[in-house]
Each structure stands twice: as structure tokens, then as C-alpha cells.
Amino acid sequence: MNVTELIDTISLFTFGTLATKKQREDYLRCLNFANNDIYLKIRNYKSFLIFKEIEVKKNQNEFYIDFDCKKNTLKSIYNKNNKLNSFDLLTNNNLNLKENEYFQLYSESKIILGCKEYNKNQLGNNFIKLFYLEPLKILTETVNDPSIESDEHIFDSKIEQVLILGSVYYIFLTTNGQLSKLQSAYSLYNEKLEDILQFYNNL
């Protein structure tokens, strides 16, 4: 669902009617609260992370990849099935690390790799698999700044139900006269959120 569809669903699920313009603004704010909750809960699960293959380049004796750390958060780098361990030159003694066990964040966009035997494609080019976390954007119905806003959430369809329930909880939390429904909404939201965490934890 896109944001407009989510707000319609939240409105119908909560009160049985489509929201007014003012209510849509309120529901959108609550949707972003729940969106942030879920992002913080599942951001470190490998199955939730995005991955892509990046070509390994060579500059004299240096093997490296280019990655924009400002736009995305790097979580891990794999060569074949082996995870490369990262380290900081300021706090670790890299003399004790084997050549094929590490990567070093050399700058915000350049990452030095210690491994030399990489996967190859049919053309003979070397690749590694990089896992990263897509940044959380503000959900909105009308996108004015694509760098910080989106009309699509970043989760898969399994999480949409939790996103809707979280939004309903925040609506009840901020709506006068709905306190009687607050506890049940909170319990259901947390129960479904825990189900999602268990699902990702067992993959």
C-alpha cells in the first residue's frame, strides 16, 4: 500500500469512515510515529537489510569499493559466504588481522577491503555482497523533497498490518474519548510487532 491507501485503511479500520482533510494530517503524523517504531525495532535484522553486489576495484595494491555512507548505513560486507570484519585503525591493532578478514572505512564513500579472492561474474569481474540499511524517510501523500520524503513505506507486505495497528494506537493515544480503547490497541500492536520480530529472528 502507498501512504494514501494506508491512511484510508487506518481511517476505515479505526472509525469506519474516510478521514477528513484535518484527520488525514493527524493520521499521517501517527503513521509516521508507528513507522519510526518499526524501523528502530527491525533495522538490525539481516533479512530486513537491503543487499547488492558491488564490483571490487583495484588501485595499485589496494582493493576497494565505493559506497555512499551518507545515504545508507553500511551493516556488513560478504565475500562468498564469509562476512568481512570491520575495524577502526584508531582503536584496533590491524597487525593481528589476517588479510582476508577485514574491511576498513577509509572515507565516507571509499571502503578498503582486505580480501583478494572475490566472487567473479561471467565476465571475470570481481564482486562482493554488501548489506545496508535504507534510511527512513518521512511518509507523506505528496512528495516535495524525495531525499527526505516518500509516499511508499520501505517494509514488506507482512509489516503493513503492524504499521496500521501502530498508527491506530497512536490515534487513540492522541484522541480525546478513546482512552478506553487505548490499552487493547497497545496490546494488539505490541503482540503483532513481537510476531514480526520473531519471524525475522528465525529466518
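The values are calculated or read from the model by the stated rules, or taken from the named source; none is laboratory data. Bear in mind the structure is a predicted one, so any value in this text is a computation, not a measurement. All Cβ positions, even for glycine, are placed from backbone atoms using ideal geometry, and neighbour counts span all protein chains on display. The area values use the complete protein model at the heavy-atom level, side chains included, leaving out ligands, DNA and RNA. Shrake-Rupley method; radii C 1.70, N 1.55, O 1.52, S 1.80 Å.
If I compute solvent accessible area with a 1.4 Å probe over the protein chains, what percent of it on the stretch 120-203 is carbon and sulfur? Kindly include the intermediate steps, with their values, before the conclusion.
Values: 2350 of 4890 Å².
Ligands and nucleic acids excluded, carbon and sulfur give 48 percent.
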* **Over 31 Å (Cα to Cα) - which of Lys21/Lys181; Lys22/Lys52; Lys75/Lys120; Lys22/Lys70 fall in this group** => Lys22/Lys52; Lys22/Lys70
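Please list Ile154, Ile7 from largest to smallest accessible area, probe radius 1.4 Å, with all protein chains kept in place. Don't skip to the end; give the middle numbers.
Details: Ile154 50, Ile7 0 Å².
Output order, biggest surface exposure first: Ile154, Ile7.
Restricting to DSSP loop positions (anything but H, G, I, E, B) with no more than 15 other Cβ atoms inside 10 Å of their own Cβ, which trypsin sites (Lys or Arg not before Pro) remain in the stretch 107-192?
Values: sites: Lys110, Lys116, Lys120, Lys129, Lys137, Lys158, Lys181, Lys192; in loops: Lys116, Lys137.
Here the sparse-neighbourhood loop sites are Lys116.
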* To do: Might you work out the accessible area of Thr4 for me, using a 1.4 Å probe with all protein chains in place, and round it to the nearest 10 Å²?
  => 50
* To do: May I have the extent of the alpha carbons of the stretch 43-86 along their three principal axes, as whole Å values ordered from largest to smallest?
  => 36, 26, 18
* Which of the aspartates and glutamates could a cross-linker span from Lys46 if the Cα-Cα distance has to be under 13 Å and same-chain partners fewer than 8 positions apart are dropped? -> Glu134
* Where in the chain are the DSSP H helices whose C-alpha atoms run 27 Å or more along the long axis and whose mean Kyte hydropathy is at least -0.5? -> 179-201
* Asked: Can you tell which of Leu12, Leu113, Leu165 lies farthest toward the positive end of the dipole of the chain, using +1 and -1 charges on the Cβ of basic and acidic side chains (Lys, Arg; Asp, Glu)?
  -> Leu113
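For the full complex of protein chains and a 1.4 angstrom probe, list Leu84, Leu18, Leu136 by accessible area with the highest value first. Could you put the intermediate results ahead of the total?
Numbers: Leu84 5, Leu18 110, Leu136 60 Å².
Largest to smallest exposure gives the sequence Leu18, Leu136, Leu84.
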* In µm²/s, what is D for the chain at 20 °C and 1.002 mPa s, where D = kT/(6 pi eta Rh) by Stokes-Einstein and Rh is the Kirkwood radius from Cα pairs? -> 109
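With only alpha-carbon pairs counted, each pair once and no self-pairs, how large is the Kirkwood hydrodynamic radius of the stretch 144-203 in angstroms? Walk me through the numbers on the way to the answer.
Details: mean 1/r = 0.0763 Å⁻¹.
So the Kirkwood estimate lands at 13.1 Å.
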* To do: Starting from one equal scatterer on each C-alpha and no solvent at all, send me the Debye-based log10 I(q)/I(0) for the stretch 101-203 at q = 0.10, 0.15 Å⁻¹, two decimals.
  => -0.56, -0.90
* Can you give the accessible area per residue of the chain, in Å², using a 1.4 Å probe? -> 61
* the stretch 134-203 versus the stretch 17-34: alpha-carbon centroid distance in Å -> 12
